[in-house]
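Scroll down for the structure; my scribbles are underneath it.
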């Protein structure tokens, strides 16, 4: 016999039963966001140095022609804003050109 009574708890899956409200809200956020460049800061312990060489000039020409095709990776900072974990070079080039959104 089928039970016709159901309760809508507003959950999208069983795993949400074990999440806090904050975790549920965070899980529903879009995973790709447009973030203003001003909200991004470079990773302070970044192991690589940005070089101004022919490879960088080629990257700048490519970005000028096609835009930035690879997404930047950033994590939220406790006091607000975001810290770049990948794409520091692209972030520096975008700032140099005066671009405002970062996707």
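The values are calculated or read from the model by the stated rules, or taken from the named source; none is laboratory data. Just so it is clear, the model here is predicted, and its values are computed rather than measured. Neighbour counts run over all protein chains shown; Cβ positions are idealised from the backbone, glycine included.
Observations on the model:
- Those residues of segment 1-23 which are at pLDDT below 80, in a helix (DSSP H, G or I) and surrounded by 10 or more Cβ atoms within 10 Å (Cβ to Cβ), in sequence order: 15, 16
- Just so you know, in segment 71-96 the residues that are in contact with a helix residue (DSSP H, G or I) (Cβ under 8 Å, 6 or more places away or on another chain) and modelled with pLDDT under 75 include one that is surrounded by the fewest Cβ atoms within 10 Å (Cβ to Cβ), and it is 95.
- Looking only at residues in segment 45-54 that are farther than 16 Å from residue 96 by Cβ and loosely packed, with under 10 Cβ neighbours inside 10 Å, the one that is modelled with the highest pLDDT is 54.
- Filtered residues of segment 25-40 (kept if at pLDDT 80 or above and in a helix (DSSP H, G or I)): 25, 26, 38, 39
- Which numbered condition residue 74 fails, given (1) within 11 Å of residue 35 (Cα to Cα); (2) assigned to a loop (DSSP other than H, G, I, E, B): (2)
- Condition check for residue 57: over 18 Å from the mean Cα position of the chain (by Cα), surrounded by 10 or more Cβ atoms within 10 Å (Cβ to Cβ) and at pLDDT 75 or above: yes
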